[in-house]
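For reference, the structure is listed below as structure tokens.
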Amino acid sequence: MTDLSTIEATLPAIASAPDLAALEAQRIALLGKQGSVSLLLKTLGGMSPEERQTTGARINRLRSDVADALATRKAALDRAALDARLASETLDMSLPIGGAQAGSVHPVSQVMDEFAEIFADLGFAVATGPEIEDDWHNFTALNIPDAHPARAMHDTFYFDRVDGEGRKMLLRTHTSPVQIRTMAASPPPIRIIAPGRTYRSDSDATHTPMFHQVEGLVIDKGITLGHLKWTLETFVKAYFERDDIVLRQRPSYFPFTEPSVEIDVGYTLVKGKRVIGGAEPDGWLEILGSGMVHPRVIAACGLDPDMWQGFAFGCGIDRLAMLKYGMDDLRAFFDGDLRWLRHYGFAALDVPTLSGGLGA
Ligand code: DAH
């Protein structure tokens, strides 16, 4: 009993604990394993029913009063600590930005921004999709059924689990599943590009297990191969920032387009180096795959292929960055070497614009 009254008398001391360390010491002394209140609580078991109603209730009240007092004081001390920190730490927003020179924009981010700028001007929105995909969006809906050889061609990283619908989970091998997600989510007309990370089990000077692609998709009424050709020509000229660009269309095969067209860009040799552009090319470099969206892909997304047509394209962002900015090893893109970033990176404040110049 003396104990109980003594402890009750110490309650006001909690409210005046000078700091968090002192408060914690009080908490341990009262509510810790060997704390005085904890020891009192242990006596409840040996009490008669009458005692439990009187003294027992008092002990329980004491426990909750102590806990409340500790919490109240802790909140007050925390608030005071934050106020003190806010008062002592200041940031002068008017100082010159010395730090911005230390960082730079990675060429991949730069090229993604350039794409967004060019295609925004043509009325395209930027869409995204998950990097962890299921095999229906990555393959089946794109007209690549289970036993199709194109599945094996993708060197896919699979997870050893399926999703709720029994679909195999994987790291997307291309950005094309964003076509499916976009068509399934919003009614046409559709004009999007979808830049992002993609994954294949592959590694050498021009292949890394993680790389970047951008997908393009247009779905509307009466879309033809002519629209595709004009769009890509306009894009490539804007991207390489010169008008004397010659494109070559080559028939090709992708399961999700019919017909499928591979696009090469002409280069000229300047002092032995390949430079993109020139009215009379010395050779060709493949830059992207494209075609008219296969009716089966349109139908898989719940749209009527007799009403809606469109074109799609997909290209490697890293490769286009290498062609424009002259790097010759893709692996260095992902080494995080500051010297490389200082050489190939872009000033953080130079946002690419069509009017001011894309690559500056
Ligand atoms: N998904 C293809 C790849 O990763 C690239 C591609 C080709 C995308 C043609 C397209 C397309 O949308 O029409 O190799």
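The values are calculated or read from the model by the stated rules, or taken from the named source; none is laboratory data. Note that this is a predicted model, so its numbers are computed, not measured. Note that we place each Cβ from the backbone using ideal geometry, even for glycine, and neighbour counts take in every protein chain shown. What goes into the accessible areas is simple: the full protein's heavy atoms, side chains included, and nothing from ligands, DNA or RNA. Shrake-Rupley method; radii C 1.70, N 1.55, O 1.52, S 1.80 Å.
Here are some notes:
- Here PHE240 meets each of (1) within 14 Å of the ligand (Cβ to nearest atom); (2) open to solvent by less than 40 Å² (accessible area, probe 1.4 Å); (3) within 27 Å of the chain's Cα centre (by Cα) with one exception, condition (1).
- Matching residues in the range 313-357 - criterion: being within 15 Å of PHE115 (Cα to Cα) and within 16 Å of the ligand (Cβ to nearest atom): PHE313, GLY314, CYS315, GLY316, ILE317, ASP318, ARG319, LEU320
- Scan the range 287-303 for residues that are more than 17 Å from VAL218 (Cβ to Cβ) and either within 16 Å of the ligand (Cβ to nearest atom) or not assigned by TED's automatic domain parsing to the domain that holds LEU323 (or both) and the total you get is 3.
- ASP306 acidic (Asp, Glu), assigned by TED's automatic domain parsing to the domain that holds ASP220 and open to solvent by 20 Å² or more (accessible area, probe 1.4 Å): yes
- Among the residues of the range 46-77, those identified as in contact with a Leu (Cβ under 8 Å, 6 or more places away or on another chain) and under 16 Å from LEU20 (Cβ atoms) are ALA69, LEU70, ARG73, LYS74, LEU77.
- Evaluation of ALA279 against (1) open to solvent by less than 50 Å² (accessible area, probe 1.4 Å); (2) away from the ligand (no atom under 12 Å from the Cβ) (one fails), failing number: (1)
- Residue pairs whose Cβ atoms lie under 7 Å apart, sitting 6 or more positions apart in sequence or on different chains, and linking a residue in the range 185-199 that is in a strand (DSSP E or B) to a partner that is open to solvent by 90 Å² or more (accessible area, probe 1.4 Å), are ALA194/THR128; GLY196/THR128.
- Applying the condition of being of a type outside the set (A, V, I, L, M) and free of Cβ contacts under 8 Å to residues at least 12 places away in the same chain to the range 112-158 and asking which residue is farthest from the ligand (Cβ to nearest atom) yields ASP146.
- Set side by side, the residues PRO255, PRO251 differ, and just one is out of contact with any Ser or Thr (no Cβ under 6 Å at 6 or more places or on another chain), within 16 Å of the ligand (Cβ to nearest atom) and farther than 19 Å from THR175 by Cβ, which is PRO251.
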